[in-house]
Amino acid sequence: MKYVLPALAAIVTATAVFAHNGVTDPVVLARMEAMKRIGGNVKVIGDMAKGEAAFDADAVQTALNAIQAEAAEIPAYFEQQVLVEGSEALPAIWQNWDDFVAKAGDLEVAAGSLSVSSADDLGAALQQVGGACAGCHKTYRE
């Protein structure tokens, strides 16, 4: 848990800081917005785990459901190989398409399989979701 929260904070912060980078291409913007929504939902859970927000099981479940739904759409956001300045997507996505899709599926499964009934469950939930995010970002994102 001691390493999970800083790693997730870095993912969410990087997503917010680099969001859009002057990008105007609608395909890339749609991808960025999807990732921003995922990051926002991870932040909801992370804020509770850090004690910055009160634990709310319904809000956690809503966030997990949103992450799961968005993760299911990730491959569709990347079907078109569009790379523009400011995009953080790497060409490796299309060179290793099946692996990329599998990693999106890992996030979908992780978010959909979690049951968080108390604040004690937040660390494990973040570890699974954050691990799935990081597994993809390490390979397919600048």
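Summary table below
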| quantity | calculated |
| --- | --- |
| Estimated FRET transfer efficiency when R0 is 41 angstrom, pair Leu90-Lys50 (beta carbons, to 0.05) | 0.85 |
| Top of Gln68, Gln95, Gln128 by mean-square fluctuation, Gaussian network on the chain, Cα under 10 Å | Gln95 |
| Footprinting exposure proxy for Val129, Val28 (fewest neighbouring C-beta atoms within 10 Å first) | Val28, Val129 |
| Charge dipole magnitude, Cβ of K and R +1, D and E -1 - region 85-142, Cα centre, debye nearest 20 | 60 debye |
| Label-point gap, in nm, between Ser118 and Asp99 - each point 7 angstrom along Cα→Cβ | 4.0 nm |
| Simple Cβ-charge dipole of region 4-140, Lys/Arg +1 and Asp/Glu -1, about Cα centre, in debye nearest 20 | 240 debye |
| Rotationally averaged projected area of region 78-142 (alpha carbon convex hull; nm²) | 5.0 nm² |
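Values quoted throughout were computed directly from the atomic coordinates according to the rules given, and no laboratory measurement underlies them. Worth saying up front: this structure is predicted, and the values here are computed from it rather than measured. All Cβ positions, glycine included, derive from the backbone under ideal geometry; neighbour counts span all protein chains shown.
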